[in-house]
Amino acid sequence: MNMRERAMLDPRRGRGIALSAFAFAVAATASACTPPMPPDVLAAQAESQIECQTGSTDVSVPDNLFGAMTFVGDALTAVCPDQTLMEVGPQEPAKLKVVDGTPSPDDVSDFTAGCPAGDVIYVPLYSYPVTLAYNIFGLEGLVLTPEAVAGILTGSITSWEDPAITDANEGFDLSGLPAIEVYTVDQDRGSVQAMTTWLSEEAPQSWSDGTLERLPGNITFGSSLEMSEELAFMEGAVAILPVFEAFNAFVPTAAFPVTYGDEGGAEEELIAYPDDPQLAKIGSGAMALSVDDQGNIAATPAVGGIPDDEIFDLAASKIILQEDQPVIGWPVLGTGHLLVCDDPADPLPLSVAQYALRLAGQGALETYGLTPLPEPVRIETFEPLKVTVAEED
């Protein structure tokens, strides 16, 4: 753990299970408090323990994320054998709900209506890079500017030979290709929210519709799975997709430019590619946070590729940059959230949420293909999730 991380402990003292023998040794040292343990050791102690529960809880997940929380559940069950979770569909009632974007007031209200206690916690859970996927095999890595993406999505660009595309892709033969057709899903999607937020900021002259959750398109599908399957067969089709979905569909993904200021104040441009997990981690640091009166945390999509120093710690992210490589990341990321029914009569949902925001839970989500939260953001989620800062004697 990084020295700048704060040590966190669950206030509950029930059936705490240490995940390693090292954790027991650390706990023994803590009781003596002579000398005080360094912050990174306290943090390691906090992260290595969890209060296990008994039973199973349902978690509602979007259809394109089936399996993600199963990864978390498997990791949890490995240390708490009597505690399991079951994924259910996005419209099914559950005391835990994953949404793939920033939760709207309606999202929170609908979830609260199904919570017996009426108390709801929501926090960011993960990020994920978003791109424009396209079915032009052999042309992996086309560079699309924000203006080109905006033109494609509004329908003003329908040919791959449009100068807005060819000017950024010298050396690519884009002649004789089918006309561009935009695929979309008749559902609110965090990936659309992230992409249209980026376009609103980077290409306002070309994109005037603001941030949307649902995109009009040439051809509309009922689910992300249906759209991805059809995209893999229809040459010339394009769709806004999370990068992990595009990879699963074996379709090419666009690269995006990122403009930034160098040390001398001059503008530079870097071409970012969506297959670099390090760029996704850096780019996730461009999200913005807001906290409501109850302490709940909402995060915006992370757009622009330039992380905010207040919510991004390069060392804590374990990112290794090449010499002279700027701290610039992928410029379009959605931010998923977890909604939790905080019911004292049923501690399972809150327990699962606490585990999902621990390092082990974040690692399980990363194995699925999602991007862990920046470490300062992850630590901030501990307060609404009722994980308190450890006190030194």
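Compared with the alpha-carbon gap, the fully stretched path from residue 323 to residue 229 is longer by 29.8 nm at 0.36 nm per residue.
Report, in debye and to the nearest 20, how large the dipole of region 58-385 comes out about its Cα centre when Lys and Arg carry +1 and Asp and Glu carry -1 on their Cβ. Before the final figure, lay out each step's value.
Numbers: 8 positive and 52 negative charges, 134 e Å.
With Lys and Arg at +1 and Asp and Glu at -1, about 640 debye.
The length gained on full extension between residue 82 and residue 219, counted as 0.36 nm times the residue separation minus their Cα-Cα distance, comes to 44.7 nm.
Residues 149, 303, ranked from the fewest to the most other C-beta atoms within 10 Å, line up as 303, 149.
Pull out the extension gain between residue 315 and residue 278, defined as 0.36 nm times the separation in residues minus the alpha carbon to alpha carbon distance; nm, one decimal. The partial results should precede the final answer.
Details: separation 37, 0.36 × 37 = 13.32 nm, distance 1.20 nm.
Length gained, residue 315 through residue 278: 12.1 nm.
Take the Cα of residue 172, step 7 Å toward its Cβ, do the same at residue 137, and the gap between the two points is 1.8 nm. Taking other Cβ atoms within 10 Å as a rough exposure proxy, 200, 104, 224 sort from fewest to most as 104, 200, 224.
Using the Cα centre as the reference, give the magnitude of the dipole from point charges on the C-beta atoms of region 237-291 (Lys, Arg: +1; Asp, Glu: -1; all else neutral), rounded to the nearest 20 debye.
Values: 1 positive and 8 negative charges, 68 e Å.
Roughly 320 debye for region 237-291.
Each of 97, 386 has some number of other Cβ atoms within 10 Å of its Cβ, and from fewest to most they run 386, 97.
Answer rounded, prolate or oblate for region 211-299, using the Cα gyration tensor with square roots of eigenvalues a ≥ b ≥ c: rounded when a/c is under 1.5, else prolate when a/b is larger than b/c, else oblate. Numbers along the way, then the final one.
On the way: a/c = 2.29, a/b = 1.30, b/c = 1.76.
It comes out oblate by the Cα gyration axes.
Of interest is the spacing of the C-alpha centroids, which for region 276-344 and region 186-211 amounts to 18 Å. In order along region 218-224, phi translates into HN-Hα couplings of 5, 9, 10, 10, x, 8, 5 Hz, rounded to whole numbers, per the Karplus curve 6.51 cos²θ - 1.76 cosθ + 1.60 with θ = phi - 60° and x for Gly and Pro. In a simple Cβ point-charge model (Lys, Arg +1; Asp, Glu -1; nothing else charged), region 102-236 has a dipole of about 180 debye relative to its Cα centre.
The label point for residue 109 and the one for residue 162, both projected 7 Å from the Cα toward the Cβ, are 3.7 nm apart.
Only the coordinates and a few stated rules stand behind these numbers; no lab work does. What you see is a predicted model; the values in this text were computed from it and never measured. Neighbour counts are summed over all protein chains in view; Cβ atoms, including those assigned to glycine, are modelled from backbone coordinates with ideal geometry.
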